[in-house]
Amino acid sequence: MAVTITMGIQKGGCGKSTTTGILAYLISQKGYKVLAIDMDSQGNLTELLSEQPSNDFMGKSVLEAMQQNNVEEFIVPINGNLDLLPANNFLATFPRWIYTGKTYNGSTIPFKGNPSLILDQTLDSVRDKYDFIVIDTPPSLSEQTTNSLCASEYVVVLFECSNWCYSAIPNFMDSVNGAQEFGNRGTEVLGILRTMNDVRRSDAKAFNELIAEDYPEQIFETIITRKAPTGRLSLYGFNSNNELKSALAQYENFYEELMSRVQSK
Ligand SMILES: Nc1ncnc2c1ncn2[C@@H]1O[C@H](COP(=O)(O)OP(=O)(O)O)[C@@H](O)[C@H]1O
Ligand SMILES: [Mg+2]
């Protein structure tokens with residue numbers, strides 16, 4: 001049975017998509033079977049892993065998987081161990097479909113049920129095919145995010161060391177607690193990962209320490225720094241990338257910490 005982990009914070013530019021892609025890739029390289037799900041209409045995870053424009057997946061995405069309650073038809077194989085459930089801009093119509101039954105192409109697929117548990121129920125048919133499912137979320141506390149949280153046992157909170165990210169954390173934690181209360185998977189925070197660190201900035205250092213003091217149990221020891229090869233993954237991807245080793249190196253410790261937390265649960 002897959003362990004499902006959502007990467008989240010309702011602020012943009014905190015490294016969610018990059019971290020989800022790298023984590024999915026690293027887990028698959030260690031020999032586990034992984035499904036990566038893009039729940040952000042920006043389609044960044046989709047483009048990172050598939051190395052194709054997200055528009056290529058119009059009509060063939062996680063949105064249709066949820067509307068038709070059929071995952072397998074929309075799986076995109078990435079490598080032997082890694083599959084992707086892609087997204088594109090039409091995922092932004094997900095709330096309209098939930099509340100009106102109208103899809104973006106004009107058809108009607110009435111939806112009845114709990115609006116937050118659609119992804120959770122959709123994934124039931126494939127959970128025994130994977131060791132891990134990792135989910136990327138949008139920079140908002142939208143239906144896409146609540147569905148991701150309710151479909152997951154664990155959540156990794158991305159903390160980019162800035163004041164606006166700091167102020168986003170309490171509401172995000174409330175959303176995780178809501179998913180624990182109203183969902184069926186006992187959703188809990190696996191840890192808080194400090195990302196995009198600029199080691200030269202004293203304010204970043206201060207926020208690193210502040211968040212660790214606020215959440216001493218949850219904070220991961222690993223701190224992800226701003227590093228050009230990691231940023232350029234969006235350009236070069238995971239195949240034929242001469243600087244891949246350098247792009248991923250700082251994530252190896254995070255991977256080890258994350259795995260040991262999952263295994264000790
Ligand atoms: N460690 C890093 N060092 C340098 N650039 C990074 C790093 N992590 C992410 N980036 C870049 O920063 C931007 C925001 O990252 P992204 O993963 O898209 O964040 P989010 O999904 O939270 O919006 C992207 O352009 C990405 O390529
Ligand atoms: Mg993103």
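The values are calculated or read from the model by the stated rules, or taken from the named source; none is laboratory data. Predicted model, so just to flag it, every value in this text is computed and none were measured. We place every Cβ from the backbone using ideal geometry, glycine too, and count neighbours over all the protein chains shown. Quick note on the areas: whole protein, heavy atoms, side chains included, nothing else; ligands and nucleic acids left out. Shrake-Rupley method; radii C 1.70, N 1.55, O 1.52, S 1.80 Å.
Here are some notes:
- Along the range 183-192 the Karplus relation, 6.51 cos²θ - 1.76 cosθ + 1.60 evaluated at θ = phi - 60°, assigns HN-Hα couplings of x, 10, 10, x, 2, 9, 6, 7, x, 10 Hz to successive residues, with x for each Gly and Pro.
- Potential extension, Thr100-Gln121 segment - 0.36 nm per residue separation minus Cα distance: 5.6 nm
- Lysine pair count for the chain with Cα-Cα distance under 18 Å and sequence separation of 8 or more or different chains is 8.
- Here the chain carries DSSP beta bridges of which approximately 10% are antiparallel, counting only pairs with both residues inside.
- Average projection area in nm² (convex hull over Cα atoms of the chain, one quarter of hull surface): 13.1
- Distant-in-sequence amide H partners of Phe159 (H built 1.01 Å from N, under 5 Å): Leu193, Arg194, Thr195
- With contacts taken as Cα pairs under 8 Å at a separation of at least 6 residues, the range 3-264 carries a relative contact order of 23 percent.
- Note on the range 44-140: Cα-only Rg and Dmax are 13.4, 39 Å.
- With all protein chains in place and a 1.4 Å probe, the accessible surface of the chain carries 48 percent carbon and sulfur.
- In Hz, Karplus ³J(HN,Hα) per residue of the range 249-265 (6.51, -1.76, 1.60; θ = phi - 60°; x = Gly, Pro): 3, 6, 8, 4, 5, 4, 4, 4, 4, 4, 5, 5, 5, 4, 6, 8, 6
- HN-Hα J in Hz across the range 214-222 - Karplus 6.51, -1.76, 1.60, θ = phi - 60°, x for Gly and Pro: 5, 10, x, 6, 8, 5, 7, 5, 4
- Residues Met173 and Val199, FRET efficiency given R0 of 25 Å [Cβ-Cβ distance, rounded to 0.05]: 0.40
- Spatial separation of Cα centroids for the range 222-249 and the range 25-87, in angstrom: 20
- Amide H contacts for Val3 (H built 1.01 Å from N in the peptide plane; partners 5 or more residues away or on another chain; cut-off under 5 Å): Phe132, Ile133.
- Rolling a 1.4 Å probe over the heavy atoms of the protein chains gives the range 3-264 an accessible area of 43 Å² per residue.
- One decimal place: the segment Asn114-Phe182 gains 23.5 nm when fully extended, by the rule 0.36 nm per residue minus the C-alpha distance.
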